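Nothing in this text is a laboratory measurement; each read-out follows from the coordinates by a stated rule. Bear in mind the structure is a predicted one, so any value in this text is a computation, not a measurement. Virtual Cβ from ideal backbone geometry, glycine too; neighbours counted across all protein chains shown.
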Amino acid sequence: MRALVSFYILVASALWTAHSCYGKLLPRRTKLTWVNGIAHMPEHMSDPTFVISTIFGGVKVDYCHNPSSMTSESDYLGFVKDGIQASTHVMMGRLTPEVDSLVEHLRDALKQVGRNGRVIHIAHSQGSVITWLAAQRLKPEECKRIEIISFGGAATICTSEFPFARCINYYSVNDPILNVVPSAVKALKSGFSFGDGMQQEIIFLASRTGDPATDHGLLNPTYLEALVWEGQRYQSLFLSPLGQMAGAAFVAPLSSTVTWFPNFAYEMTRRAFIAMVRIFSLMWELVQVTITRLLGKGERYDPILLKTS
């Protein structure tokens with residue numbers, strides 16, 4: 001009987017070890033999405049999508065296009081219409097077809113990752129207030145599987161209001177959007193922190209250009225630096241070493257087009273090497289633990305017998 005129990009314990013222990021290593025090699029499924037701000041025509045969506053994908057390790061990125069009234073780069077009337085529509089979102093919380101589209105977009109992403117997956121959603125400028133409005137129509141169990149990363153948002157999104165898995169709001173200290181986001185201004189005045197518990201959900205960034213209009217751009221230096229940090233976090237948490245190696249192999253050849261990312265090819269090579277070392281170390285750990293337990297050579301506790309006088 002003891003032998004049978006020991007056998008079951010050994011098998012369960014080996015399975016648990018394999019599961020732990022498997023989890024490290026193949027993390028949970030994720031989906032990366034983003035929604036834009038004003039003045040984005042369809043042809044403006046490809047470059048940011050490519051950059052986000054590159055920074056996040058070459059993963060596929062799906063965007064939800066927030067359409068613009070502009071018909072060309074010089075259509076100032078269309079730009080004004082975009083601004084008016086954005087103000088109705090901010091001031092009146094007006095639900096528009098853009099909100100409906102984002103709700104459908106996020107639910108579709110959740111279906112793709114499954115019940116244990118995670119959706120990483122990036123929002124910029126007006127896209128953040130559209131996300132805030134869409135959150136009001138999502139179920140709590142849906143929010144719990146979504147992370148929100150907002151840049152220069154026309155609304156702050158916090159876990160104190162919605163049960164998202166994670167919320168982070170980045171603002172340049174001289175971003176003009178702060179003029180219409182009282183909650184962000186309050187956070188700025190009260191010590192750079194706002195949110196539930198110890199989680200800092202609003203982060204202010206020093207300007208990298210000195211120009212407020214430039215700082216508001218998602219792909220300009222100020223927000224791009226934070227986007228790169230988020231990409232590194234995503235890769236460390238959600239990309240397996242195998243995925244990181246694949247990313248390095250296929251993304252590095254494209255690095256020449258990303259001129260603002262210094263030493264990009266070197267960085268991809270470094271990550272590929274680290275990922276390879278991690279794979280071998282995880283496999284070696286699995287082999288060692290399995291052999292040790294199968295041979296019964298694990299550490300044992302031998303009680304010390306005290307001599308009595």
- Summing +1 for each Lys or Arg and -1 for each Asp or Glu, what net charge is found among the other residues whose Cβ lies under 10 Å from the Cβ of Asn220? -2
- Extended-chain gain in nm, criterion 0.36 nm per residue less alpha-carbon gap, Asp75 and Ser236: 53.7 nm
- Query: Summing +1 for each Lys or Arg and -1 for each Asp or Glu, what net charge is found among the other residues whose Cβ lies under 14 Å from the Cβ of Arg107?
  - Reply: +1
- What's the FRET efficiency of Lys189 with Arg107 using the Cβ-Cβ distance as r and R₀ = 45 Å, to the nearest 0.05? 0.75
- Gained length - Gln136 relative to Asp211, 0.36 nm times residue gap less alpha-carbon distance: 23.6 nm
- Message: Quick check: residue separation of Glu285 and Ile203 times 0.36 nm, minus the Cα distance between them. What number comes out in nm?
- Response: 25.7 nm
